[in-house]
Structure formats: structure tokens, C-alpha cells
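Derivation of every value follows stated rules applied to the coordinates shown; laboratory data play no part. As the structure is a computational prediction, the values presented were derived from the model and not from experiment. Here Cβ is always computed from backbone atoms with ideal geometry, including for glycine, and neighbour counts include all displayed protein chains.
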Amino acid sequence: MDRSRNEWHGFENEWEKEREEFMDKVRYGVIGLGYMGSKHAERLFSEIEGAELRAVCSRNPERLRWAADTFGDGVRRFSDPGEMFASGTVDAV
């Protein structure tokens with residue numbers, strides 16, 4: 001079956017519209033705020049398109065204070081990974 005150029009163009013526009021509706025930002029959490037974890041968190045927070053840092057988890061209170069100072073109130077802080085998962089705050093870790 002041959003499709004006219006207009007039919008294919010309509011399909012592309014419809015697909016693009018659906019993609020925009022379903023391609024919201026992915027809400028990430030980072031467990032562990034040592035050297036590597038903190039670097040991942042910083043990049044997710046400010047550099048990676050389509051990603052949103054929503055939570056961090058560390059058993060070290062000093063690292064949680066660092067996260068509060070660095071990311072502000074928009075990023076939740078947890079000391080227990082289970083609580084972070086149960087919160088519904090993140091889509092991926």
C-alpha cells in the first residue's frame with residue numbers, strides 16, 4: 001500500500017504529539033553521597049536534559065546537610081533507602 005506524503009506527515013505529527021505528552025522528566029534518586037554519588041547527583045540536578053533529581057539518600061548526616069545546601073528544598077533527603085522507595089518520589093535510582 002502506498003501512502004501519500006500527506007498521510008505520512010500526519011502520522012509523524014501525531015507521533016510527535018504523543019511523544020511530548022509521555023516524555024516527561026524522569027525523577028531520579030541517588031543512594032550514597034560519597035564522591036561518585038555526589039557527582040551523579042550534581043549532574044542530574046543541573047546538566048542532564050530530561051532528568052530531575054528528586055531525592056538523595058545517605059546515612060551520613062554531614063552529606064545530607066551538604067545536599068540540603070547544594071540542592072535546596074526541592075530535593076528530598078532520606079537516611080533509609082526503603083523510605084525513599086516507599087515515598088513515591090522517584091522513578092529511577
**Q.** Cleavage-rule hits, GluC sites (Glu not before Pro), region 30-93, DSSP coil, Cβ neighbours within 10 Å at most 10
**A.** 47, 49
Q) Between residue 91 and residue 35, 0.36 nm times their residue separation minus their Cα-Cα distance comes to what? A) 17.9 nm
Q. Which whole-angstrom value gives the distance between the alpha carbon centres of region 31-51 and region 53-90?
A. 12 Å
